[in-house]
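Nothing in this text is a laboratory measurement; each read-out follows from the coordinates by a stated rule. Quantities reported herein were computed from a predicted structural model and do not represent experimental measurements. Ideal geometry is used to build each Cβ from the backbone, glycine not excepted, and the neighbour counts take in all protein chains shown.
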Amino acid sequence: MKAPRSARRDAAPQTGRLPLIAGNWKMNLDHLQAIALVQKLAWTLQDHGYDERIVEVAVFPPFTDLRSVQTLISADRLPLRFGAQDLSPHASGAYTGDISGPLLKALDATYVIVGHSERRSLHAETDQVVGAKVRAALDSALVPVLCVGETAEDREQQGASAVPVAQLRAALDGVPADADLVVAYEPVWAIGSGQAATPEQAQEVCTALRVALGEVLGAEAADRTRILYGGSVKRDNIADFMRQADVDGALVGGASLDAAGFADIVRFPKHVTR
Ligand code: PEP
């Protein structure tokens, strides 16, 4: 399979950034269920005439499913990529229960989610820890999908962009300008709530994130880095997000567990003209 960056050369001409639809399965589905979902997703995408040069699809199963998903994708040459939902900031050693970048790379993972709000809140991951994980991912040639986003309280007190931009800046500390990463803007209040941000709200913060990317990593990085929106994305609202100039795809939680619904989200180019 082509690397994401080379694939991007064939991307939609409007931005030059290949849209990415990413499914975060969270702590759902065992390895047998994972195989069934990936097979059904691949068949459904094929039936829809899926073209990986127009939109990229990646799934993020639990750790225990990764080997099964890798084997299936590789054996059947499926046009899908996969990643993990987290990684250790350390490469190896006495870190019981953790999974490192080199272990994920050995499975041919392309991506790894870093700094999801559930890890920040439930596992007390600070900006420093998230930054260390971003660097660990890059050290293992994994593409970090760096999640940032504000709570409802943050938004009320500081406006929409302040916290996501501060989280991005902190996580980029020590990251080289040519780093291949994806940013996911996920307002915490929109995750799993059924109350998605409006497309205009998503665009406002994604624009602020792109400006910050430019200030920290330079104009070229800002121009090429994909910024996803995440938070209650469904087949009914994806097209409106994808019409936004700075939204390059979606990180999808609940709706990624249903092959037909997720495949419909991947079909957004059929009804979007930017
Ligand atoms: C997520 O957890 O990354 C997410 C976006 O969840 P949902 O789509 O269910 O809101």
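Pick out, in residue order, every one of the trypsin sites (Lys or Arg not before Pro) in the stretch 172-251 that is DSSP loop and has at most 13 other C-beta atoms within 10 Å; say none if there are none.
none
Divide by every residue of the chain the summed helix terms, -39500 (n - 2.57) for each DSSP H run of at least 4, and state the resulting mean residue ellipticity at 222 nm, rounded to the nearest 500 deg cm²/dmol.
-11500 deg cm²/dmol
Among 24, 160, 49, whose Cα sits farthest toward the positive end of the charge dipole of the chain (+1 at Cβ of Lys/Arg, -1 at Cβ of Asp/Glu, about the Cα centre)?
49
Which of the chymotrypsin sites (Phe, Trp or Tyr not before Pro) found in the stretch 51-95 are in a DSSP loop and have at most 15 neighbouring Cβ atoms, other than their own, within 10 Å?
95
For the chain, modelled as a GNM with alpha-carbon contacts under 10 angstrom, which of 83, 97, 192 fluctuates the most?
97
Would you mind giving the average projected area, over all directions, of the Cα convex hull of the stretch 70-143 in nm² with one decimal?
Taking a quarter of the hull surface, the average projection is 5.3 nm².
Among 246, 127, 154, whose mean-square fluctuation peaks in a Gaussian network model of the chain (Cα, cutoff 10 Å)?
Among 246, 127, 154, the largest mean-square fluctuation in the Gaussian network model of the chain belongs to 154.
How big, on average over all directions, is the shadow cast by the Cα convex hull of the stretch 1-142, in nm²?
9.3 nm²
Just to verify a number: FRET efficiency for residue 75 and residue 46, C-beta to C-beta distance, R0 = 22 Å, to 0.05?
It comes out at approximately 0.90.
How high is the relative contact order of the stretch 86-206, given as a whole-number percent (alpha carbon pairs under 8 Å, six or more residues apart)?
Computed over the stretch 86-206, the figure is 25 percent.
Please grab the % of Cα pairs in the stretch 20-271 that end up more than 29 Å from each other.
Of the Cα pairs, 24 percent sit more than 29 Å apart.
Mind checking which lysines have their C-alpha under 21 Å from residue 133, skipping anything on the same chain fewer than 8 residues away?
Partners found: 26, 105.
Among 260, 132, 152, which one moves the most in a GNM of the chain with springs linking Cα atoms closer than 10 Å?
152
Please report the relative contact order for the stretch 215-260, taking Cα pairs under 8 Å with a sequence separation of at least 6, and give it as a percent rounded to a whole number.
Worked out over the stretch 215-260, it gives 42 percent.
Between the stretch 49-116 and the stretch 189-218, what is the separation of their alpha carbon centroids in Å?
24 Å
Given Cα pairs under 8 Å that are at least 6 residues apart, what percent is the relative contact order of the stretch 20-271?
The normalised contact order for the stretch 20-271 reaches 20 percent.
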